[in-house]
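The values are calculated or read from the model by the stated rules, or taken from the named source; none is laboratory data. Note that this is a predicted model, so its numbers are computed, not measured. Counting neighbours? That spans all protein chains shown, and the Cβs are built from the backbone with ideal geometry, glycine included. We work out accessible area using only protein heavy atoms, side chains counted, and drop any ligands, DNA or RNA first. Shrake-Rupley method; radii C 1.70, N 1.55, O 1.52, S 1.80 Å.
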Amino acid sequence: MSKKRVKILNRNVHLSNLDKVLYPEAGFTKAGVLEYYRAVSPWILPHLRARPLTLKRYPDGVEGEPFYEKRCPQHRPDWMTTAEVVHSGSKRLRYCTITDLPGLMWAANLGSLELHVLMSRAPQPGRPTGVVFDLDPGAPAGLMEAGRIALLLRRVLDRIGLQSTVKVSGGKGVHCWVPLNTPVDFEQTKDFARTVAGQIEKHNPDTVTSKMAKAGRTGKVFIDWSQNDAHKTTVSVYSLRAQPRPTVSAPVSWDELESAVEAGRDDALQFAPDTVVDRLEQRGDLFAPALTLRQTLPGVKPPDLPAARQWSGTKGEVSSLEAKAPAVSLSEYRAKRNFVITPEPAGGAAAEALRGIFVIQKHDARRLHYDLRIEAGGVLKSWAVPKGPSLDPAEKRLAVEVEDHPLEYARFEGRIPKGEYGGGQVIIWDFGRCEVAGDENNRDRTIAQAIKKGSLDFFLDGVKLHGAFKLVRSGKDDSGKNQWLLMKRKDASAHSGMGPTEAEPYSVLSGLWVEDLAER
Ligand code: MN
């Protein structure tokens, strides 16, 4: 039995039974599983992040008995993020949420070969981010038949003006996904999916069924619309599957699917873990539209925006941020604002719980930008970062130093009235702890000295951002403001692919996008 304790992004992660063979037919071990999830982490994390997760654990490998674990195990490490979700009948469940690489490694180490997630994110559990059609062939129908129906489904969606993406299940099935990322509820997505599935069945009665009853599926492709439900989980893109040999629920392009179906080639739609890693490195994330594309269902009136909810993850516990008096002058901040009109806080109360935090607010003002704020000395040291943070150490992002903001500004999300200073929408794009390099016991002094020196090394433990960053002063702009460069330092969270500003536009507080807050 091999055991190992590794340090990943400042977390101690205990790994065990690394040589245990989990896929006997392929001789694929626990170490192989962990290595696969590590290799795909830059791409899978944005899809998993903040989503309540059901673990499907195979402690004895794919030939043993698996079990589902919805409740996040009590023996989880104290840094593991969770989210409580209230299901119908006021049943409360505390799920694990995978936020970062240590969390992903912890889950994989439990033998959670398959990662199943809710259709919604924890801050907005009533809002699915897309519609899923789970195409499940009943023998003798197989992957080719499911692929053919997926192509048909795509044409139907196309005709009603909806783009879709597709992934193979890793078994015989095909999952078709319609990205929404706009306000919608499960009643609306489920109705839509049921209607579309029913229409396709009506026109293809010999090859398709949309009925839940197991009988009558022989030789047909079952279009499962019922997954569009607040408490149902679907296997995540890039999750391993517990097949005899390791496969992945991998996205394919529609052209690839079409060619494979035309050629009758099952094998072109089955992906081994290392193939998926190669494909990601060469072609990027084919499933990215699920994260970035905003669409609305035809004829669906968006539900009223829910009031901003409080993040219930253990990380970025915005709910406990209560106020106390700040020490430092906020006169410049106050002089710019009319607090009769703007919903922003005036300052004058601060929060002990906000000590040591950082927040990044996405601010859709005259020019879209990201405001990086780091607590120091009871205020928020602030920089406006036009392009936002990057995870690529080669990308240096301009960060213009701006005036200190009051601590409670870290809680602010909403609309600043037009014509007011900074008029536009603000969301809490990321939030969490910020450690500074050097003497943590004298944090305030360490930061003050680093800012004076023009070089600040810090470590973020947010929802989206993790690991080491650096701010370096580079000069002054025309108006005399200090200009800095914000950089990611090389570590396990550095990545050169699609950046987090693009892949993860939502608020970690409410799940809303800045676009949602724009006046309708
Ligand atoms: Mn701003």
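One table, with the values for the structure above:
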{"quantity": "Filter result for E401 (within 14 Å of the ligand (Cβ to nearest atom) and either open to solvent by 40 Å² or more (accessible area, probe 1.4 Å) or farther than 17 Å from K362 by Cα (or both))", "calculated": "yes"}
{"quantity": "Candidate set: segment 1-16, residues that are open to solvent by 100 Å² or more (accessible area, probe 1.4 Å) and part of a strand (DSSP E or B); chosen: the one farthest from V33 (Cα to Cα)", "calculated": "K7"}
{"quantity": "Residue that is nearest to D444 (Cα to Cα) [pool: residues in segment 361-388 that are assigned to a strand (DSSP E or B), away from the ligand (no atom under 12 Å from the Cβ) and of a type in the set (D, E, K, R)]", "calculated": "E375"}
{"quantity": "Hits in segment 222-252 (condition: part of a strand (DSSP E or B) and either under 11 Å from V132 (Cβ atoms) or of a type in the set (K, R) (or both))", "calculated": "I223, D224, T233, T234, V235, R241"}
{"quantity": "Hits in segment 154-168 (condition: open to solvent by less than 10 Å² (accessible area, probe 1.4 Å), touching a residue at least 40 places away in the same chain (Cβ under 8 Å) and not in a strand (DSSP E or B))", "calculated": "L162"}
{"quantity": "Within segment 404-425, considering residues that are part of a loop (DSSP other than H, G, I, E, B) and within 11 Å of the ligand (Cβ to nearest atom), the one farthest from the chain's Cα centre (by Cα)", "calculated": "Y421"}
{"quantity": "Pairs where the first residue, in segment 400-425, is among the basic types (K, R) and the second is near the ligand (Cβ under 10 Å from one of its atoms) and not in a helix (DSSP H, G or I), C-beta under 9 Å, 6+ apart", "calculated": "R415/G424; R415/V426; K418/G424"}
{"quantity": "Residue match in segment 439-446 (condition: within 16 Å of the ligand (Cβ to nearest atom), surrounded by fewer than 16 Cβ atoms within 10 Å (Cβ to Cβ), more than 20 Å from Y506 (Cβ to Cβ) and not aromatic (F, W, Y))", "calculated": "no"}
{"quantity": "Sole residue being modelled with pLDDT under 95 and exposed (fewer than 14 other Cβ atoms within 10 Å of the Cβ), chosen from G299, G264, G284", "calculated": "G299"}
{"quantity": "Evaluation of K56 against (1) open to solvent by 30 Å² or more (accessible area, probe 1.4 Å); (2) farther than 28 Å from P289 by Cβ (one fails), failing number", "calculated": "(2)"}
{"quantity": "Total residues in segment 168-182, condition touching a strand residue (DSSP E or B) at 6+ places or on another chain (Cβ under 8 Å) and under 20 Å from R294 (Cβ atoms)", "calculated": "6"}
{"quantity": "Filter pass, T247 being open to solvent by 10 Å² or more (accessible area, probe 1.4 Å) and touching a Lys or Arg at 6+ places or on another chain (Cβ under 7 Å)", "calculated": "yes"}
{"quantity": "Test result for Y95, hydroxyl-bearing (S, T, Y), at pLDDT 95 or above and under 29 Å from A288 (Cβ atoms)", "calculated": "no"}
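Okay, residues lined up against (1) of a type in the set (D, E, K, R); (2) on the phi > 0 side of the Ramachandran plot:
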| residue | (1), (2) |
| --- | --- |
| R154 | yes, no |
| I160 | no, no |
| S169 | no, no |
| K172 | yes, no |
| N181 | no, yes |
| E187 | yes, no |
